[in-house]
Amino acid sequence: MKLLEGVEVRKIVGETRKDIEGIAYHSRQVGKNFLFAAIRGLEADGHRFIDDSIERGAEAILLEEGSELCGRTAIFVPNSRQALARVASTFYGDPSNRMSLVGITGTNGKTTTTFLLESILKKAGYAVGVIGTINYRYGQKVVPALNTTPESLDLQRILWEMSGEGVSHVIMEVSSHGLDLDRVFGCQFDGAVFTNFTSDHLDYHQTLERYFESKRKLFFESLMKSRKTGRFAVTNSDDPRGEEIVRGVDLPILRYGLGSSSDFSATEAALSFEGISCRVRTPKGEFLLHSKLVGRFNLYNILAAVTTGFGMGLPLEILKEGVEDVEGVSGRFEKVANRKSIHVIVDYAHTSDALERVLLGLRDTLAYSSQNRGKIITVFGCGGDRDRTKRPLMGEVAGKYSDLAVVTSDNPRTEDPLAIIEEVERGFQILSLEEWRRNGMEAWRTKKGYLKVPDRREAIRTAVRLAKPEDTVLIAGKGHEDYQIIGKKKIPFDDRVEVRKALEEV
């Protein structure tokens, strides 16, 4: 019965005095004397695999509905996802309670903020673990991320492994999916951070309000119900939803932004391709900061990390040194060096807001760096089997802020790439942009327009061939990803590798 402590149980059928040697939510991972949790996934319902789990050795089943199981203990619960999260935490000894845990949520900026905060905490001498979009890492171990926020069982195992290796502080990107699917249920958070909110993942959440409410759970459920002392919340006061997400949170709230009303702000900002220089203002004084990160949007990420580090009690000199140590973040405004004298940037921006932030950041940086900023060529696409509402929005943003937009394939998955491009094209049509043909491109430098190049490799090559010295080529959407999903297959593809090849060819 110890595993069921804190679990809301409707009924138990069968023997409860059993030694459970493992837990699984995939029947294929079940072994002898395991507990199998029947959870409802995005593509399959675990209740359909209960018989298979029993054949593989399950001694107990956690389920929401079904018949009483002959010879096996059936634990009926109202929510098997929450029950799994609670059982997993108990099985692994409640690892989040043995370390400092900060969760970061928001549409954009989570990954960069985790890198900055990781550097700050390491500068303070702590052993740090990170769970995020790019990977899960601690010590010398780096594991590619399957999901931004792992399933609760996997998450508790990772936290247990981190704790066993002496990790004292964990920074976690907490996605809207992870919150909605109760993956962080039962985690004991010390702090929660909000970066920003814009439209995304509407293929799953359906409405913006549902999407927002899922993110709000990090503050009103995870943080508020945590057993930790000294908890705090961090929010972006410049974001229209920044106050709403912390409204009613009965904990210290730290606010950051570029406005003077924020607790943490930045002034005298100078933006260039070499980085950001600014003066950071905090409740305990000011300091000059020089970061190698580029773009105004990264100024917000820096402030988010500084504010969080301050909330954790770190001195200003550690905050400054930690931020300044970060060279860059994989696939986030990542510069690709070349001998063609063009600026080449690879970025993960895959929403209209993220793309707008990057393009505006580019324009600010170019305006500061040079009187002759050249032209901006943006290569981008939209993922298949995902939120279709953002496709024309991304087209409109790319067309508005670029001199030439090259729309191509992202991860088309099971959709027709040409059909996706047609939906993106509606954004260009709103702006009355002209579609160029690759055999008639002479006039593109004097008049905005767009190209349709479905093959991503060819789209990148086309952009590089068209660029002249002082021009900027932005390749957006995939960032750190080293694959393309076409149909059901993952095919090796890395924007950074492809653009280097294209640069060598020119």
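The values are calculated or read from the model by the stated rules, or taken from the named source; none is laboratory data. Keep in mind it's a predicted model, so treat the numbers as computed, not measured. Note: ideal-geometry Cβ built from the backbone for every residue, glycine included; neighbour counts use all protein chains shown.
Values for this structure:
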| item | result |
| --- | --- |
| Residue tally, condition more than 20 Å from Pro78 (Cα to Cα) and either in contact with a His (Cβ under 6 Å, 6 or more places away or on another chain) or surrounded by 15 or more Cβ atoms within 10 Å (Cβ to Cβ) (or both), over the range 1-46 | 6 |
| Qualifying residue in the range 189-197 (condition: surrounded by 16 or more Cβ atoms within 10 Å (Cβ to Cβ), polar (S, T, N, Q) and at pLDDT below 95) | yes |
| Residue identified as touching a residue at least 60 places away in the same chain (Cβ under 8 Å) and surrounded by fewer than 20 Cβ atoms within 10 Å (Cβ to Cβ) among Arg56, Arg86, Arg98 | Arg98 |
| The range 135-185, residues that are buried (at least 23 other Cβ atoms within 10 Å of the Cβ) and among the basic types (Lys, Arg) | Arg183 |
| Residue satisfying all of: in the range 65-83; of a type outside the set (A, V, I, L, M, F, W, C) and in contact with a strand residue (DSSP E or B) (Cβ under 7 Å, 6 or more places away or on another chain); surrounded by the fewest Cβ atoms within 10 Å (Cβ to Cβ) among these | Glu68 |
| Filter result (under 18 Å from Arg332 (Cβ atoms) and surrounded by fewer than 21 Cβ atoms within 10 Å (Cβ to Cβ)) within the range 364-379 | Asp364 |
| Residue in the range 341-361 that is free of Cβ contacts under 8 Å to residues at least 12 places away in the same chain and either buried (at least 21 other Cβ atoms within 10 Å of the Cβ) or not basic (Lys, Arg) (or both) present | no |
| Segments classed as helices (runs of 4 or more DSSP H), wholly inside the range 99-206, with at least 1 members that are closer than 21 Å to Tyr300 by Cα and not hydroxyl-bearing (Ser, Thr, Tyr) | 110-123 |
| Subset of the range 313-330 [touching a helix residue (DSSP H, G or I) at 6+ places or on another chain (Cβ under 8 Å) and in a loop (DSSP other than H, G, I, E, B)] | Leu314, Asp325, Val326 |
| Selected residue [basic (Lys, Arg), at pLDDT 95 or above and in the same structural domain as Thr198 (by TED's automatic domain parsing)] from Lys228, Lys215 | Lys228 |
| Pair list, Cβ under 7 Å, 6 or more apart: the range 380-397 residue in a loop (DSSP other than H, G, I, E, B) and surrounded by fewer than 20 Cβ atoms within 10 Å (Cβ to Cβ), other residue of a type in the set (D, E, K, R) and at pLDDT 90 or above | Asp385/Arg413; Asp385/Glu415; Arg388/Glu423 |
| Test for Thr408: is it crowded, with 23+ Cβ neighbours inside 10 Å and free of Cβ contacts under 8 Å to residues at least 60 places away in the same chain | yes |
| Scope the range 46-104; condition under 24 Å from Arg216 (Cβ atoms) and of a type in the set (S, T, N, Q); matching residues | Asn79, Ser80, Gln82, Ser89, Ser96, Asn97, Ser100 |
| All positions within the range 209-227 that are aromatic (Phe, Trp, Tyr) and buried (at least 21 other Cβ atoms within 10 Å of the Cβ) | Tyr211, Phe219 |
| Verdict on Leu303 being within 29 Å of Val497 (Cβ to Cβ) and either outside any loop (DSSP other than H, G, I, E, B) or assigned by TED's automatic domain parsing to the domain that holds Glu43 (or both) | no |
